[in-house]
Amino acid sequence: MPNRVDLELTMTVRAQLDSWAEGPTLAQLLQRPDAQIPHETKQDVVEGCRRAIVELWYGAILENRGVIYDTAADDIVIAPNGGVIFVDADGGKRCGGAAELFAALATLTLSVNRILDNSTERHKAYSAHGEAIADTLVNVFGLERALHIGNEIGERRDIFRAETRLLLVPIFLKRLERLKAL
């Protein structure tokens with residue numbers, strides 16, 4: 001049984017799709033100098049987006065809505081209150097199993113890496129994101145459900161694009177195994 005998820009937050013995020021949204025996109029915010037980001041670090045903002053994706057997916061599954069919105073950094077607006085707003089509903093993808101959730105998280109990861117990664121340390125960036133995805137799933141769903149999701153992703157890894165399959169998935173799975181051993 002998953003941990004209680006703040007579905008009120010999820011519903012608020014969805015409700016905002018029908019109204020005007022003020023704020024920079026995640027891509028714009030990540031391109032700012034660190035000193036211009038109020039109250040949080042860039043990693044905190046990305047984690048908030050990651051958590052919103054997981055909660056939105058969970059809410060879509062519970063309500064049998066079947067849609068998760070585009071999760072690229074230029075399709076996510078960060079509201080002045082720190083809320084996460086998905087603005088490209090046309091880019092919505094069918095929501096189903098763990099592979100679709102991981103694909104949405106991978107889309108966020110790939111777009112964030114393209115913005116932030118100006119170095120040759122791509123593996124280090126994927127390592128941080130892969131571990132953070134595992135941690136987010138454990139925090140939202142609990143370890144048992146996160147391990148179940150990890151098993152499904154591991155079995156279906158061939159469906160993912162090369163960067164995701166070769167870099168993100170193995171790091172994610174290793175992190176889950178380390179958490180299981182604790």
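Per-structure values
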| quantity | calculated |
| --- | --- |
| Residue check for Asp74: in contact with a Ser or Thr (Cβ under 8 Å, 6 or more places away or on another chain), modelled with pLDDT of 85 or more, surrounded by fewer than 19 Cβ atoms within 10 Å (Cβ to Cβ) and assigned to a helix (DSSP H, G or I) | yes |
| Count of residues meeting criterion [at positive phi and at pLDDT 95 or above] in the stretch 129-182 | 0 |
| Failed condition for Ile61, given (1) surrounded by fewer than 19 Cβ atoms within 10 Å (Cβ to Cβ); (2) at pLDDT 85 or above; (3) within 24 Å of Ala134 (Cβ to Cβ) | (2) |
| Candidate set from the stretch 80-98 (those that are surrounded by fewer than 16 Cβ atoms within 10 Å (Cβ to Cβ) and modelled with pLDDT of 70 or more); member that is nearest to Gly59 (Cα to Cα) | Gly97 |
| Per-region count, the stretch 148-175, residues in contact (Cβ under 8 Å) with a residue 24 or more places away in the chain, more than 16 Å from Leu101 (Cα to Cα) and hydrophobic (A, V, I, L, M, F, W, C) | 2 |
| Arg145, sole failed condition from (1) surrounded by 15 or more Cβ atoms within 10 Å (Cβ to Cβ); (2) of a type in the set (D, E, K, R); (3) out of contact with any Pro (no Cβ under 9 Å at 6 or more places or on another chain) | (3) |
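For (1) surrounded by fewer than 17 Cβ atoms within 10 Å (Cβ to Cβ); (2) touching a Leu at 6+ places or on another chain (Cβ under 6 Å), each residue gets a yes or a no:
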{"site": "Ala128", "(1), (2)": "yes, no"}
{"site": "Thr136", "(1), (2)": "no, no"}
{"site": "Asn139", "(1), (2)": "yes, no"}
{"site": "Gly150", "(1), (2)": "no, yes"}
{"site": "Thr164", "(1), (2)": "no, no"}
{"site": "Leu168", "(1), (2)": "no, no"}
{"site": "Arg178", "(1), (2)": "yes, no"}
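The values are calculated or read from the model by the stated rules, or taken from the named source; none is laboratory data. What you see is a predicted model; the values in this text were computed from it and never measured. Note that each Cβ is placed from the backbone with ideal geometry, even for glycine, and that neighbours are counted across all protein chains shown.
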